[in-house]
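Working notes, beginning with the structure itself.
The values are calculated or read from the model by the stated rules, or taken from the named source; none is laboratory data. What you see is a predicted model, and the numbers here were worked out from it, not measured in a lab. Heads up, the Cβs are rebuilt from the backbone with ideal geometry, glycines too, and the neighbour counts pull from every protein chain shown. Heads up: the accessible areas ignore ligands, DNA and RNA and are worked out on the full protein's heavy atoms, side chains in. Shrake-Rupley method; radii C 1.70, N 1.55, O 1.52, S 1.80 Å.
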Amino acid sequence: MFIKILKYLMRLADGGARSPQVVFAQFNELITKVPLLYAILLVNSLSLAYTHYAIAPDYLTIYVSAFLCVTCVTRAIRWYRFKNLTFSLEQAIHQIRMTVFFANVMGIGFSWWAYTLYQYGDFALQSHVAYYLSITVIGIIICLIHLPAAAWSASVTVGVPFVIFFTTSGEPVFIAIASNFIMVVAVLVMITLSYYRAFSSVIDAKQTLELQNRQTRKLNAQNELLANQDGLTKLANRRSFANFLNKKLADENQQDSFIVGLIDLDGFKPVNDIHGHAAGDRVLTEVSARLKKLLPKDIMLARIGGDEFALVIDHSTDHKEIQLLGKGITEVLQKPFTMRTGLVQISGSCGFAIYPEAGNTADELMDRADFALYEAKSRARGCSIIFSTEHEQLIRQKSQVELALTQSVSSQQMTLHYQPIVDGNTGKIVGLEALARWFHSELGHIPPDQFIAIAEKTGIVTEITLSLFEQAIQQLSLWPEPLYLSFNLSVHDVINRKTLVQLKHILDKHGVASSRVQFEITETTMMSDLEHCSNITRELQQMGFKIALDDFGSGYSSLSYLHKLAFDTLKIDRSFVHNLHVDQRSQGIVKTILALCESFNVSCTVEGVESEEQKDLLLALGCTHMQGYYFYRPANIEQFTLR
Ligand code: C2E
Ligand code: CA
Ligand code: CA
């Protein structure tokens, strides 16, 4: 039975039953408590040896006690040194087991010594022995409260002989002490048990809490990543790009100049519309892969919008080198993308702003890069531009135009010039295109492509359109039939159904048939929202209006979307006419477009005819309707004889 209990206690001391955290916590507690335990034992034993000195034999009071005390000191020092060492789990378990072992061995050793001294003393000294043994057991239990196995086994090995020895001594005082001892030890054992349970559950709870903390930290890190990363391309997103740029600018060590670049894909939207969103996603992923491969590894590259990318790069501010960088970017984006539905061709434009010339804040730099990008896009596909002082002037000019624009719409400063559309064979005028003209008293003549773009940005374009349409319809009502009016609509007008209703209202007011009005809508406008625009144009056709697809060939021409659009006329962009007589390719393209118009059963008009040679060549290719300086320049309606 006794052996069984001991074995059970030893098992309790084993690390296997507890979590490693509890073992380490126990071990840490023992490191401070075990030296204290030996100190108690040392002081108690020295005092017992002192009271028995010269009464008991020297070998007991000097040599045995010295041996026991040296053992105590050695063990205490050993444990004290553990403070500075690192232990593995196995080593900690081993030391804990050794503590149980030593608690018992030393307990037996000291008890034997005390019982041997007992026989030499009088009643007072015998009481000291009883006191020594009982207080030592209580000391052991308290100091080893974190290791119940050691506390209990030591109280058994020391306490049981103590109780037996003193209850059988026949001395009533010792019998009373033994009974008190049983009570106190029983209560202490119970306290140890509940304390130990609380201790290990606190440690376990702490561990669970730590685990939860770690998981929370991990989740936070994941959230942080998601909040700062573009899900599709895994590049930084707009938010983290802005943070990065702001941090870089706030960094006091940031003295060198650097470049902020914006890249915008040209012709990406049609990819989504024609090939589907999955293909669009694949193009974006491939674009990011190409850019990553091209650009240095340590730069900030982000996707800040649908098809907009941004970069911050520590780079030489030499314009030639930046142009080279822009060229590299636009070249990799121009290479075709292989999709399941076929090859996709897009391009990319870049705008660069150099810190600190172009600005000192993130907003300034981004605005300037955006301006340069806008300039690049308006020049040609796949172009890159660096923001310069001339652009600064342009910005100022634009804001002047913007200001003037808001004031002049109401004062009706906007007028119309007309450019005839003729039958190339006869030179007869078949229709007239209305072109907006704006003469500002201070700013002079402002070209329409400039102010229309600004008016679109500021949202004032609707007012301009309606006011010009009113003027144009008044004119049209005076023209002989079947002359028609061709009127340009901007993207804002097309998207806004309300504007279209207002246009129809103006027409009805003047009693003009809608079949005499052709709306020119550019290919780029159509591509901005293929689905919506084709619905709108279909509605306009149902109202009786004609639709011309303007500037065809200047945008992201993809013949594959043409069948989705509703239009009556296709206007071939003047860029194809420009060097028609020297460029076989342009001739081929014009021929193909003419064949396409025939198969779609739509008519075709060629713009920008400037010479007889061009006219003859176009006639030979099969074009009839033409427009250009060769026939007429845009002018006041009074300049033309309309019969
Ligand atoms: P667009 O619709 O392509 O108009 C034709 C432009 O080409 C006109 O420039 C015209 O003057 C010019 N042009 C005509 N024949 C020739 C030629 O033989 N050679 C050359 N090099 N150019 C020629 P403009 O009047 O400066 O208009 C520019 C653009 O502004 C127009 O291009 C059109 O997109 C836009 N626009 C003009 N008026 C309006 C308007 O009332 N509303 C809207 N939304 N846009 C307008
Ligand atoms: Ca036009
Ligand atoms: Ca045009």
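Go through region 423-468 and give me each residue that's of a type in the set (S, T, N, Q) and within 12 Å of ligand 1 (Cβ to nearest atom). It would help to see each step written out before you state the result.
Within region 423-468, the first condition is being of a type in the set (S, T, N, Q), and the residues that meet it are 425-426, 441, 450, 458, 462, 465, 467.
If the condition is that a residue be of a type in the set (S, T, N, Q) and within 12 Å of ligand 1 (Cβ to nearest atom), then 450, 462, 465, 467 are the ones that fit.
Regarding residue 28, is this residue open to solvent by less than 50 Å² (accessible area, probe 1.4 Å) and of a type outside the set (Phe, Trp, Tyr)? Write out each step before concluding.
Details: open to solvent by less than 50 Å² (accessible area, probe 1.4 Å): no; of a type outside the set (Phe, Trp, Tyr): yes.
No: the conditions fail for residue 28.
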Next item on the list: Report the residue count in region 374-414 for those that are in a loop (DSSP other than H, G, I, E, B) and within 30 Å of residue 621 (Cα to Cα).
Entry: 2
Next item on the list: Output the residues belonging to region 423-452 that are assigned to a helix (DSSP H, G or I) and either within 14 Å of ligand 2 (Cβ to nearest atom) or without any contact (Cβ under 8 Å) to a residue 12 or more places away in the chain (or both).
Entry: 448, 449, 452
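How many of the residues making up region 337-355 are polar (S, T, N, Q), assigned to a strand (DSSP E or B) and open to solvent by 10 Å² or more (accessible area, probe 1.4 Å)?
Initial filter on region 337-355 (polar (S, T, N, Q)): 338, 341, 345, 347, 349.
Add one more test, that the residue is assigned to a strand (DSSP E or B), and what stays is 338, 347, 349.
From what's left, open to solvent by 10 Å² or more (accessible area, probe 1.4 Å): 338.
Adding up the residues that qualify gives 1.
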Notebook entry, point to check: In the list 67, 102, 110, which residue meets the criterion of being in a helix (DSSP H, G or I), buried (at least 22 other Cβ atoms within 10 Å of the Cβ) and in the same structural domain as residue 22 (by TED's automatic domain parsing)?
Noted result: 110
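Is it the case that some residue within region 415-422 is in a loop (DSSP other than H, G, I, E, B) and within 16 Å of ligand 2 (Cβ to nearest atom)?
No, the conditions are met nowhere in region 415-422.
Kindly evaluate residue 164 against the criterion of being aliphatic (A, V, I, L, M) and in contact (Cβ under 8 Å) with a residue 12 or more places away in the chain.
Details: aliphatic (A, V, I, L, M): yes; in contact (Cβ under 8 Å) with a residue 12 or more places away in the chain: no.
Criteria not met by residue 164.
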Notebook entry, point to check: Take the residues of region 553-577 that are within 39 Å of the chain's Cα centre (by Cα), away from ligand 2 (no atom under 16 Å from the Cβ) and not in a helix (DSSP H, G or I): which is modelled with the highest pLDDT?
Noted result: 565
Note to self: If I filter region 420-439 down to residues being open to solvent by 20 Å² or more (accessible area, probe 1.4 Å) and not basic (Lys, Arg), which single residue comes out as nearest to residue 407 (Cα to Cα)?
What the structure shows: 439
Check: Can we say residue 426 is hydroxyl-bearing (Ser, Thr, Tyr) and in contact with a His (Cβ under 7 Å, 6 or more places away or on another chain)?
Finding: no
Check: Given the conditions (1) within 16 Å of ligand 1 (Cβ to nearest atom); (2) under 23 Å from residue 525 (Cβ atoms); (3) open to solvent by less than 70 Å² (accessible area, probe 1.4 Å), and given that residue 580 satisfies all but one, which numbered condition is not satisfied?
Finding: (2)
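Is it the case, given these coordinates, that residue 271 is in a strand (DSSP E or B), aliphatic (A, V, I, L, M) and either assigned by TED's automatic domain parsing to the domain that holds residue 343 or in contact with a Phe, Trp or Tyr (Cβ under 7 Å, 6 or more places away or on another chain) (or both)?
Numbers: in a strand (DSSP E or B): no; aliphatic (A, V, I, L, M): yes; either assigned by TED's automatic domain parsing to the domain that holds residue 343 or in contact with a Phe, Trp or Tyr (Cβ under 7 Å, 6 or more places away or on another chain) (or both): yes.
Spelling it out, it is not the case that residue 271 is in a strand (DSSP E or B), aliphatic (A, V, I, L, M) and either assigned by TED's automatic domain parsing to the domain that holds residue 343 or in contact with a Phe, Trp or Tyr (Cβ under 7 Å, 6 or more places away or on another chain) (or both).
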Next item on the list: Among the residues of region 487-516, write down those that are free of Cβ contacts under 8 Å to residues at least 60 places away in the same chain and within 13 Å of ligand 1 (Cβ to nearest atom).
Entry: 487, 489, 490, 491, 492, 493, 494, 495, 496, 499, 503
Next item on the list: With respect to residue 167, determine if the residue is in the same structural domain as residue 196 (by TED's automatic domain parsing), within 30 Å of residue 21 (Cβ to Cβ), open to solvent by 10 Å² or more (accessible area, probe 1.4 Å) and polar (S, T, N, Q).
Entry: no
Notebook entry, point to check: Mind checking which residues of region 43-57 are part of a loop (DSSP other than H, G, I, E, B) and either open to solvent by less than 50 Å² (accessible area, probe 1.4 Å) or closer than 12 Å to residue 69 by Cβ (or both)?
Noted result: 56, 57
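This table checks each residue for (1) touching a residue at least 24 places away in the same chain (Cβ under 8 Å); (2) at negative phi; (3) of a type in the set (A, V, I, L, M, F, W, C).
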position: 192; (1), (2), (3): yes, yes, no
position: 196; (1), (2), (3): yes, yes, no
position: 242; (1), (2), (3): yes, yes, yes
position: 277; (1), (2), (3): no, yes, no
